[in-house]
1. Filter the cross-link list Lys62/Lys395; Lys91/Lys335; Lys62/Lys127; Lys91/Lys343; Lys28/Lys62 down to pairs whose alpha-carbon distance in this structure exceeds 21 Å.
2. Pop the C-beta distance of Gln69 and Glu289 into the FRET formula with R0 = 51 Å and round what comes out to the nearest 0.05.
3. I need the fraction of alpha carbon pairs in the range 87-179 separated by more than 17 Å, rounded to a whole percent.
4. Let me know the volume per residue of the alpha-carbon convex hull for the chain, in Å³.
5. Where in the chain are the DSSP H helices whose C-alpha atoms run 24 Å or more along the long axis and whose mean Kyte hydropathy is at least -1.0?
6. Can you compute the charge dipole magnitude of the range 125-199 about its Cα centre, using +1 on each Lys and Arg Cβ and -1 on each Asp and Glu Cβ, nothing else charged? Give it in debye, rounded to the nearest 20.
7. Between Ala432 and Ser221, what FRET efficiency comes out of the Förster formula 1/(1 + (r/R0)^6) with R0 = 45 Å and r the beta carbon distance, rounded to 0.05?
8. Can you pull the one-decimal nm distance between simple spin-label points at Gln383 and Glu58, each 7 Å off the Cα toward Cβ?
Amino acid sequence: MMLQDGSTQLLCLTASSGVPLFTRGASKQLPFSVIGSLNGVHMFGGGQGAVLSCCETEGGGKVVWRVFQDSVMLIAVSGGRQGGGAGGSSKDEEVRLQRLLENVWNCMVLVLGQDELANMRNIERLKRDLRSCFSLIDQLMEDRQEGILGNLTHCADSLLPPNSTLLQEAVDSFAQASDSEFGCLIVHGRIAAATEMWWRLAPQEVVLLSALMRSLSASGSASCDYPVFLPHGSPTVAHRLLRFQLLPGADVCVLCGPTPSLHRAESGLVGRFWTPLVETLRDCLAVGERCLPASVSLRPDVLALLLINRETRRSVSCVRSLANHPLSDPPLPSKARCWELLKLFYIFSTTRYFSQEETLCVPPEERPQRSNTEDFVLGFSHQPLQCYLVTEECKSYGLQTAQHQLFLLIPPSVPTFALRTVATQTLSDIVAATGF
């Protein structure tokens, strides 16, 4: 492979002629001849009635192809993953790249709309317009913020605030005053409260809107009026996304039509609804990356967790500080490594044992591309409810109920027979304290 281990390059071309539209990712770009070959082998397969979706190189790299709307071809090229653990495998890397291509396409629709992508009238103009997607695409590729897993899980990264009722009432009232049913409060890049209609958006739309909010917040602007298309709900008609910074790290937004103007909302509505809640917002910010209120007391033998509500498609996740654990032999994985292991274990579990609800609500022709379940699972006469994995770095445990999926990282010193008790008690403690 011409890419370094752990690096990924994204290629975007026209599906009909193979004209490059953009490349993102690895600092050392693939030569044009290689890009042309990757496009050519896919076109040759199509001419022979075969669909080329993935291949593996001799050096352990991966190439994944996907064509959208018979118009845009996206190709993800990976130089292989550094480090294993927690079930890391070639299949896991394929799942990651497939999810990346799907996210990037939806990002392009979110910013430009489906019509402009499906009906290319001027390729040079399209190339220029696509630049407005780059910051969001780079965010999807680089996982800049630790603890943001929605790009992988397609569940909304959430934060559970200590005063959820007050914040929920404020979001509902602010959205109503803005002539909108869609409102959301983002704290530390995660959803702290949202209107009922916001949660009725497609899970991928909620995840992408959260990513866009993080990107807009990082720009440093106090407010903005940004046109967006909803990839599933409104791919051809734009809505206005009004975003306002309430405090550093806390932003509120609404999806609305022609009214209100940005100036009216900023001068007449933001202060009216949010100034009385400044201390409540500070309490919410104090929760930090833990994402759980102080009322939730986690067991000391939990290194990291990802909890998904299967009904609402929301998730909370956190990695405990190593200061909470005495020196151990072997040393416990770092915080960054714990996030990586948590992602790998999620992929390991959902491709082999646990179900992925999103594959149940997509068109039949897309299900083979969405479903990443290993072949051997299809022969099971039952649905697995628990799984575990033991590695040199940690022990991992997955638990599935009718409403939740819980993924834990646990120190190697904890006896394997105790993992189930740790998982069931952790789930019970969080649900009892928060109702999540």
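1. Lys62/Lys395; Lys91/Lys335; Lys62/Lys127
2. 0.85
3. Considering the range 87-179, 66 percent of its Cα-Cα pairs are separated by more than 17 Å.
4. Each residue corresponds to 151 Å³ of Cα convex hull volume.
5. The answer, listed by residue number, is 90-112, 335-352.
6. 480
7. Efficiency at R0 = 45 Å is approximately 0.65.
8. Distance between the two pseudo-spin positions: 4.5 nm.
Read-outs: derived from the displayed coordinates by stated rules, not from any lab. Note that the structure is predicted; figures quoted are calculated from it, not measured. Here Cβ is always computed from backbone atoms with ideal geometry, including for glycine, and neighbour counts include all displayed protein chains.
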